Structures are given as C-alpha cells and as structure tokens.
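What follows is a set of notes on a single structure, which appears directly below.
The values are calculated or read from the model by the stated rules, or taken from the named source; none is laboratory data. Keep in mind that what you see is a predicted model, and the values were worked out from it rather than measured. For neighbour counting, all protein chains shown are included, and Cβ atoms are generated from backbone atoms with ideal geometry for every residue, glycine included. Side chains included, ligands, DNA and RNA excluded: accessible areas come from the protein's heavy atoms. Shrake-Rupley method; radii C 1.70, N 1.55, O 1.52, S 1.80 Å.
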Amino acid sequence: DALKLDRASNKQTSHEPTLLIISGLGCGADSPTDVSSGGSLALRREMLLEYLTQPKIGNGASFCRMIVAGGGVASPNQLERGNGEISNGGKTTKGNSHDDSGKSKSVNAARSSKLAESLRDLDIFFSEVLSSGIPVDYIPGWHDPTNANWPQRPIHSCLLPHSCSFVDLFGRSTNPFEGILSVGDDENANMRVLGSDGLNIADLRRFLAMSSSSKIEQNNNVTNGDSTSVEGTSSMDALHQTFRYGHMAPTGPDSLPTFPSSESDPFVMQTRPGIYFAGNCEKFETRLVDVNGDEVDEVDEANAMAVEGEQPVTRLVCVPRFAESGEVVLVKLNTLECEVVSFCDVRA
C-alpha cells in the first residue's frame, strides 16, 4: 500500500504557533467506510502521530497544542459490529427468563470489554503524543463514559491512566471547552478558544432545517408534508447562528439535555472568542467573522491580534470526523489562517 498525505492550503506552513483540532478518532473499531474500502483507521492514527512528532513530515509546523473535540472512542454500534460476540444489535431472542437474563449479562459484559479496549487505545495514542511534548486537551463526547447532560464533566483520570501521568501537558476538559492560549512571547497576546464536540450544532440543525422547510412549503402552498427535497442547514451555518445568538446551546434543555441553572446560563458567550469550533461534522468548513457575526474577507486576518480583550475577528471551524475523513484542522494563532490536512491509506 502507498500512503498519502494531502494538505489543502495554498499557503506555506511556517514555524508560528499552530493549534491542531481533531475530532472523531473512533478508537476501538474501524469506521463503516474502512470496512467497505479495506482501509485502516489505526494506520491513519499512526500517520497522524508521525506527522505530529516528526518536524520534517509536519513541514516544520510548531504545534503548541492539540484539542480533541469528542468522539475519542467509537460509537456503541461500531463496537458491536467489530465484536463477533455481540449479535442482532445486542437484542436477545425469546426464551425463558433465566436464559434472557444470562444473554443480557453476556451482551453487557462484551460491551464493557470493548469500551475498555477502546479507552486503552485512546490512552496509548494520547500518551505517545504527550511524550513528544505536545499538550493535549480532551473534550468528552456523547459516547464517552461521563454524564450525558451538558455541560459534560471531564472524563475520569482512572480511565486514561497513562495520559494523566503527564500532569503538566494533559487536560481533561469539560464539554463545552473554553481555554486561553498564549501567542508568542508577549504576555498580553492571548487567544481565547471556545468549542464543543458538535452535539449542540447537530441538534440545532434539526430545528433550522425544519423552520426552513416549513417556510418554503407555506410560500408554495405545499400540503403534502413532504420536505425531503429541501436542503438542510449546514454545520457551518448552524455554528455561525450560535455565534450570532451569543449562546452555544440554544436548543437546551428542550432537545439538548442540559443541567438546570437558576442563577446564570453557562452557555452564554460572555466574550467573543478568537477561535470557535464544533467537532464531529460531516466535512471541513471555515469562516471568518467580526464581533457582530458578519463575514469578513481573508485580508483582515493580519489584524487578528491588533487589540487586547475581545477578539476583533473570530475563526469559525467545523472539524470533520477523523475516523471517516482522515482530516485534521490546523489554525495559526498569529494570523488565524486555517487549513486542513488529510491522511489517507491508498491501495496501489
């Protein structure tokens, strides 16, 4: 097999501090596309590791941090497909209560075993990245072993023991994530980063698509209720809308499970970030906007760090699932230039 690494950018990578954002590592099982094409997700993760740890392969990029936006372990459905011990989607066949109980316990034990194996793979991958000196922040996702309601608590340290031994480099973050990164040697040059695993964006898209479909049907006097021909809202448009709203989870708690809060709303954007991202999207998308949410030209990137406090411009980023696309996103902190790097294993 021949290995291929594609860089989708027309700008040369320099040694300025670069943030790498990835989501959907999917440890524990190959993605459905790998099963059909014969690819290997483990091989692509190994290629990513070499890209991070070997400067010649990474084209000299200076990675200041890696943020993993959810999806570290494969979904339960993928784990079941990858385990021959679990059949029929985990359903038990009819029989006496004693047999059904035994089969249910067997299925649960197999699922727990696969989840533990997935977490071990994720822990080993993180520890190899951390051993090269690159800090890692891990944002839990929908299928991770933590609470379901937003904001999600950090994953427990006992589940990632090797990674947590790097106490100064590994960050067990909440979902949503917020952090401040230093840019260069200037103490006042900081970049505020805000993002999530993308569940809030996926949930908002359902309502935006429904609203758009209803509006079109009303204007055209359509009464058959068929809205399949209406194109839904993209992940980038939904992410952009939340930035305009100044609220990360506008659909909670109605459809997005969130903890009740009587004193303050933790999902309100108090200040505008410099980088605002969502993980586990279908494809890579990016957009540059000002504090009002209006799209600006790329030529304004040079003024990204011109003023202190609230960022004058914000880089919006939709991060694709690595397990399906093999893509990671790079953002240069000095200029907010953004590019995507693709890792492919291609059969000769």
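Here are some notes:
- Screening the stretch 180-201 for residues that are modelled with pLDDT of 95 or more and not acidic (D, E) and picking the one that is most open to solvent (accessible area, probe 1.4 Å) gives L199.
- Index of the failed condition, R272 passing every other in (1) within 29 Å of G28 (Cβ to Cβ); (2) modelled with pLDDT under 95: (1)
- The residue of the stretch 125-148 that is surrounded by the fewest Cβ atoms within 10 Å (Cβ to Cβ), among those that are among the acidic types (D, E) and not in a loop (DSSP other than H, G, I, E, B), is E128.
- Against the list (1) modelled with pLDDT under 65; (2) open to solvent by 40 Å² or more (accessible area, probe 1.4 Å), the condition S213 fails is (2).
- Within the stretch 265-287, the set of residues being polar (S, T, N, Q), assigned to a loop (DSSP other than H, G, I, E, B) and touching a strand residue (DSSP E or B) at 6+ places or on another chain (Cβ under 7 Å) comprises T271 only.
- The number of residues in the stretch 158-171 that are more than 20 Å from the chain's Cα centre (by Cα) and either surrounded by 14 or more Cβ atoms within 10 Å (Cβ to Cβ) or not charged (D, E, K, R) (or both) comes to 7.
- Checking A109 against (1) closer than 17 Å to G70 by Cα; (2) at pLDDT below 90, the condition it does not meet: (1)
- Annotation note: of R65, R120, the sole residue that is modelled with pLDDT of 90 or more, assigned to a strand (DSSP E or B) and either open to solvent by 50 Å² or more (accessible area, probe 1.4 Å) or more than 24 Å from C281 (Cα to Cα) (or both) is R65.
- Every pair of residues 6+ apart whose Cβ atoms lie under 8 Å, when the first sits in the stretch 233-247 and is outside any helix (DSSP H, G or I) while the second is of a type in the set (G, A, S): T233/A209; T233/S212
- In the stretch 325-347, the residues that are open to solvent by 10 Å² or more (accessible area, probe 1.4 Å) and in a loop (DSSP other than H, G, I, E, B): N334, T335, E337, R347
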